[in-house]
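J.: Quick one: this structure, given as structure tokens, is what I'll be asking you about.
The values are calculated or read from the model by the stated rules, or taken from the named source; none is laboratory data. Fair warning: this is a prediction, and the values are worked out from it, not measured in the lab. Cβ coordinates were reconstructed from backbone atoms using ideal geometry, including for glycine residues, and neighbour counts include every protein chain displayed.
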């Protein structure tokens with residue numbers, strides 16, 4: 001399933017947040033969206049998944065939704081959004097319960113996604129017993145359980161320390177390599193963007209406009225931290241963003 | 001002085017305190033000491049027996065009350081009234097509180113009404129309740145129900161408001177039905193707040209129980225205390241008060257157990 005952002009414009013109160021965003025998100029590709037803080041990139045992601053409505057423009061889905069897909073547009077949140085009163089398996093099962101699957105089938109899905117995120121041993125653990133990285137892996141497992149057509153990742157690694165972030169990035173790449181998914185990955189971290197994005201969309205500061213879309217040809221599994229090509233690209237992105245980020249930092253908050 | 005400044009010296013620790021730790025047994029010790037002090041004072045004579053009864057006499061009265069079977073005669077109707085009244089009040093309160101938390105129109109319509117009902121001393125309405133619900137148990141149930149209803153509503157909708165909105169957003173993003181979100185996300189998330197509100201509501205329920213029984217009941221802890229008070233029988237009066245305290249401690253303990261069981265997921 002492909003997604004098209006068709007001239008998305010949005011304002012909060014009188015203030016323009018997003019201005020005429022046009023983007024294509026083809027199936028099987030990860031699109032990273034970067035931009036200075038407050039440029040509306042998380043708002044854009046909420047619009048893609050239907051959690052918020054743009055003032056003008058539309059988000060269009062094209063092509064058939066894959067069979068046995070329970071929730072085509074599925075989020076992974078920055079703060080994990082796990083139910084603290086449910087176990088790891090219970091949190092995954094939450095998103096299956098409304099679909100009336102046979103008990104054996106959901107148990108099988110849960111076991112499968114927990115295995116893919118290496119959480120099988122933590123089946124009955126409560127979220128408070130888990131580290132930040134494990135919590136995010138549970139959230140990823142939950143997202144995989146509904147077999148999404150598009151994964152919408154809202155700064156999924158921003159609440160984690162840098163070592164955990166590195167490990168989880170490798171996990172995400174491995175998951176993609178095993179079964180390529182369509183992804184929209186919002187982040188302010190350029191290192192994550194160059195590691196995980198097939199294309200990187202750079203937004204300007206408020207009102208967020210599309211400044212540039214950078215393509216990276218290196219296959220995801222071949223990318224390593226500190227590769228010269230990626231470093232160069234990161235510098236280029238930073239040059240694109242630096243002034244904007246400085247200006248954004250000087251702005252008064254109106255939100 | 002000068003070498004003290006230059007030489008190595010340990011950094012002074014200044015980070016302690018401001019963190020309550022649970023200390024076992026101290027509560028019991030304070031209680032026992034206070035009783036011992038009163039016992040000593042009444043025996044030695046520097047507390048006159050018009051001021052305070054002797055704790056041992058109160059205990060003896062309690063034992064006699066239990067032996068004569070009258071303890072149960074008074075407890076049974078009181079416990080029934082408390083159970084029926086607060087069950088009605090609390091369940092209606094939780095229901096209305098959840099509705100206020102979920103629906104803007106219900107909130108707009110009922111929050112001012114609850115705010116108007118809350119500060120009314122419910123005991124002032126007892127004559128009215130006697131007309132509405134009869135002199136018997138009905139008016140007592142109604143009094144306790146109304147008294148526990150308002151605090152339960154307030155704490156319940158506060159608890160629903162405090163449920164983490166990102167969890168609700170998550171539920172919506174996975175396409176959960178409205179009913180699933182309420183049942184699996186909102187209600188469990190509000191449970192801690194509802195239970196801690198229940199402690200307050202049930203304590204208010206006990207207060208109103210006694211008030212209702214003082215105004216018209218043959219048997220019941222309140223009636224027992226009222227009788228003792230009008231005869232200035234301090235031993236029996238305090239025996240009644242002790243029963244009420246124990247009742248309060250027991251309900252609080254019971255809620256504590258429920259919290260332990262149902263909120264095991266909390267830290």
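J.: Identify, by number, the condition in (1) more than 14 Å from chain B (Cβ to nearest Cβ); (2) in contact with a helix residue (DSSP H, G or I) (Cβ under 7 Å, 6 or more places away or on another chain) that residue A:13 doesn't meet.
T.: Here residue A:13 clears every test but (2).
For (1) touching a residue at least 60 places away in the same chain (Cβ under 8 Å); (2) facing another protein chain (nearest Cβ under 10 Å); (3) in a helix (DSSP H, G or I), each residue gets a yes or a no:
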residue	(1), (2), (3)
B:152	yes, no, yes
B:157	yes, no, yes
B:184	no, yes, yes
B:187	yes, no, yes
B:193	no, no, yes
B:206	yes, no, yes
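J.: Further, regarding this structure: So if I check each of B:212, B:217, which one is in contact (Cβ under 8 Å) with a residue 60 or more places away in the chain, farther than 30 Å from residue B:39 by Cα, more than 14 Å from chain A (Cβ to nearest Cβ) and not in a helix (DSSP H, G or I)?
T.: Details: B:212 fails: not in a helix (DSSP H, G or I).
Going through B:212, B:217 in turn, just one is in contact (Cβ under 8 Å) with a residue 60 or more places away in the chain, farther than 30 Å from residue B:39 by Cα, more than 14 Å from chain A (Cβ to nearest Cβ) and not in a helix (DSSP H, G or I): B:217.
J.: Given the criterion touching a helix residue (DSSP H, G or I) at 6+ places or on another chain (Cβ under 9 Å) and part of a helix (DSSP H, G or I), identify the matching residue among B:171, B:175.
T.: Answer to the selection: B:171.
J.: Quick one: is residue A:118 out of contact with any strand residue (DSSP E or B) (no Cβ under 8 Å at 6 or more places or on another chain) and assigned to a helix (DSSP H, G or I)?
T.: So residue A:118 does not fit the description; no.
Okay, residues lined up against (1) surrounded by 10 or more Cβ atoms within 10 Å (Cβ to Cβ); (2) at pLDDT 90 or above:
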| site | (1), (2) |
| --- | --- |
| B:5 | no, no |
| B:19 | no, no |
| B:24 | no, no |
| B:40 | yes, yes |
| B:47 | yes, no |
| B:56 | yes, yes |
| B:61 | yes, yes |
| B:75 | yes, yes |
| B:81 | yes, yes |
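Per-residue answers, yes or no, for (1) modelled with pLDDT of 90 or more; (2) at the interface with chain B (Cβ under 10 Å from one of its Cβ atoms); (3) within 23 Å of the chain's Cα centre (by Cα):
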{"position": "A:69", "(1), (2), (3)": "no, no, yes"}
{"position": "A:72", "(1), (2), (3)": "no, yes, yes"}
{"position": "A:77", "(1), (2), (3)": "yes, yes, yes"}
{"position": "A:96", "(1), (2), (3)": "yes, yes, yes"}
{"position": "A:107", "(1), (2), (3)": "yes, no, no"}
{"position": "A:112", "(1), (2), (3)": "yes, no, yes"}
{"position": "A:117", "(1), (2), (3)": "no, no, yes"}
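J.: Right, something else. At positive phi, within 12 Å of another protein chain (Cβ to nearest Cβ) and surrounded by fewer than 21 Cβ atoms within 10 Å (Cβ to Cβ): is that true of residue A:38 in this structure?
T.: Considered against the rule, which asks whether it is at positive phi, within 12 Å of another protein chain (Cβ to nearest Cβ) and surrounded by fewer than 21 Cβ atoms within 10 Å (Cβ to Cβ), residue A:38 comes out as no.
Yes/no per residue for (1) touching a strand residue (DSSP E or B) at 6+ places or on another chain (Cβ under 8 Å); (2) surrounded by fewer than 19 Cβ atoms within 10 Å (Cβ to Cβ); (3) modelled with pLDDT under 95; (4) away from chain A (no Cβ under 11 Å):
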position	(1), (2), (3), (4)
B:135	no, yes, yes, yes
B:138	no, yes, yes, yes
B:141	no, no, yes, yes
B:144	no, no, yes, yes
B:147	no, no, yes, yes
B:162	no, yes, yes, yes
B:166	no, yes, yes, no
B:174	yes, no, yes, no
B:177	no, yes, yes, no
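J.: With the requirement that a residue be buried (at least 19 other Cβ atoms within 10 Å of the Cβ) and more than 26 Å from residue A:3 (Cβ to Cβ), what does segment A:68-85 give you?
T.: A:82, A:83, A:85
J.: To continue, here is another question. Would you check if there is a residue in segment B:16-28 being under 28 Å from residue B:232 (Cβ atoms) and in a helix (DSSP H, G or I)? Reasoning before the result, please.
T.: Step one: list which residues in segment B:16-28 are under 28 Å from residue B:232 (Cβ atoms), which gives none.
No, segment B:16-28 contains no residue that is under 28 Å from residue B:232 (Cβ atoms) and in a helix (DSSP H, G or I).
J.: Quick one: count up the residues across segment A:119-144 that are within 14 Å of chain B (Cβ to nearest Cβ) and touching a helix residue (DSSP H, G or I) at 6+ places or on another chain (Cβ under 9 Å).
T.: 15
J.: Looking only at segment A:43-67, filter to residues that are under 23 Å from residue B:166 (Cα atoms) and surrounded by fewer than 19 Cβ atoms within 10 Å (Cβ to Cβ); which one of those is farthest from the other protein chains (Cβ to nearest Cβ)?
T.: That would be A:55.
J.: In the set A:90, A:100, which member is within 14 Å of another protein chain (Cβ to nearest Cβ), more than 18 Å from the chain's Cα centre (by Cα), part of a helix (DSSP H, G or I) and under 25 Å from residue B:189 (Cα atoms)? If you could, list the steps in order and put the result at the bottom.
T.: Working: A:100 fails: part of a helix (DSSP H, G or I).
Result: A:90 is the single residue among A:90, A:100 that is within 14 Å of another protein chain (Cβ to nearest Cβ), more than 18 Å from the chain's Cα centre (by Cα), part of a helix (DSSP H, G or I) and under 25 Å from residue B:189 (Cα atoms).
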